[in-house]
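Bear in mind that the values in this text are calculations on the coordinates, not laboratory data. Keep in mind that this is a model prediction, so the values were computed, not measured. Here the Cβ positions follow ideal geometry from the backbone for every residue, glycine too, while neighbour counts run over all protein chains shown.
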Amino acid sequence: MPIYLPRHFEGDLSAARQLMCERPFATLITADGDDPWISHVPVLYQPGEQEDELGSLLFHLARPNPHNAVLLQGESTLVFHGPDAYISPNDYAEPQQHVPTWNFATVHARVRAIPLEGEEALVAMRQQVKAFEEDATQPWQLDESDARLMGMFRGISVYRLQITRLTTKFKLSQNRNAEDQRRVRLKTTPPAPWGRTCGEWMQHLQIGTANPAD
């Protein structure tokens with residue numbers, strides 16, 4: 001599933017990893033003839049052993065979900081939705097020269113599903129729970145001695161998604177001049193409830209941070 005990606009909006013591997021970690025709730029899309037299957041799932045990113053490896057993702061589906069039947073037939077696409085923000089012409093130094101637009105950050109991961117069973121599946125679920133409970137004052141833990149819990153565990157299918165390709169699109173006013181970038185960055189930097197705002201990503205990627213007079 002290709003996406004329109006002008007070169008100046010292309011992000012690097014480091015930015016892709018950070019966004020996947022900050023925004024772990026993704027959209028899984030698997031082709032099935034003319035009617036693709038779509039599931040919305042939390043995933044846990046795991047880096048590869050080598051710095052340049054794309055890594056993998058842990059996740060699960062309910063066993064009754066028909067998506068399981070097509071997931072192993074070929075590759076799928078995971079879409080990670082980063083922050084987004086409306087940009088008004090009034091946000092630029094010369095509003096009359098512009099039209100409204102939208103800034104956003106997204107990562108598309110092409111993945112191949114590997115089913116996990118038994119102890120491998122339990123380990124994967126423990127890793128997910130530990131990661132997502134990290135900020136809790138009293139973290140919940142997966143208790144394998146709880147028969148009721150283990151019965152519920154048998155109702156899910158656990159997978160490792162091996163990433164085969166990453167496409168990162170950060171449309172953050174890179175095609176604007178330094179003053180307009182500065183204005184947009186300041187406008188889109190209010191506190192966000194989850195992860196970075198568009199403005200904070202601009203700061204991180206050093207877009208609009210230079211003195212326009214330089």
In the range 38-64, what residues are over 17 Å from ARG110 (Cα atoms) and either more than 18 Å from the chain's Cα centre (by Cα) or among the hydroxyl-bearing types (Ser, Thr, Tyr) (or both)? GLU49, GLN50, GLU51, ALA62, ARG63, PRO64
Can you tell me which residues in the range 38-61 are part of a strand (DSSP E or B) and of a type in the set (Val, Ile, Thr)? ILE38, VAL41
Out of the residues in the range 65-83 meeting the condition of being of a type outside the set (S, T, N, Q), in contact with a Lys or Arg (Cβ under 9 Å, 6 or more places away or on another chain) and touching a residue at least 60 places away in the same chain (Cβ under 8 Å), tell me which one is nearest to GLN162 (Cα to Cα). GLU75
Please work out which residue is surrounded by the most Cβ atoms within 10 Å (Cβ to Cβ), limiting yourself to the range 122-144 and to residues that are of a type outside the set (A, V, I, L, M, F, W, C) and assigned to a helix (DSSP H, G or I). GLN128
Top-ranked residue in the range 16-37 [being assigned to a strand (DSSP E or B) and under 14 Å from the mean Cα position of the chain (by Cα); ranked as surrounded by the fewest Cβ atoms within 10 Å (Cβ to Cβ)]: PHE25
Expected single match for on the phi < 0 side of the Ramachandran plot, buried (at least 16 other Cβ atoms within 10 Å of the Cβ), of a type outside the set (A, V, I, L, M) and assigned to a strand (DSSP E or B) among ARG183, ARG165, ARG176, ARG160 is ARG160
Against the definition (assigned to a loop (DSSP other than H, G, I, E, B) and either β-branched (Val, Ile, Thr) or surrounded by 13 or more Cβ atoms within 10 Å (Cβ to Cβ) (or both)), how does VAL99 come out, yes or no? yes
On the basis of being touching a helix residue (DSSP H, G or I) at 6+ places or on another chain (Cβ under 8 Å), aliphatic (A, V, I, L, M) and within 30 Å of LEU186 (Cβ to Cβ), does VAL79 make the cut? no
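For every residue, the table says whether it meets (1) closer than 30 Å to TYR86 by Cβ; (2) without any contact (Cβ under 8 Å) to a residue 24 or more places away in the chain.
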{"position": "ALA131", "(1), (2)": "no, no"}
{"position": "ALA136", "(1), (2)": "no, yes"}
{"position": "GLN141", "(1), (2)": "no, yes"}
{"position": "ARG148", "(1), (2)": "no, yes"}
{"position": "GLY151", "(1), (2)": "no, yes"}
{"position": "ARG160", "(1), (2)": "no, no"}
{"position": "LYS169", "(1), (2)": "yes, no"}
{"position": "VAL184", "(1), (2)": "yes, no"}
Among the residues of the range 100-128, the number that are basic (Lys, Arg) and either under 19 Å from the mean Cα position of the chain (by Cα) or under 30 Å from GLY199 (Cβ atoms) (or both) is 2
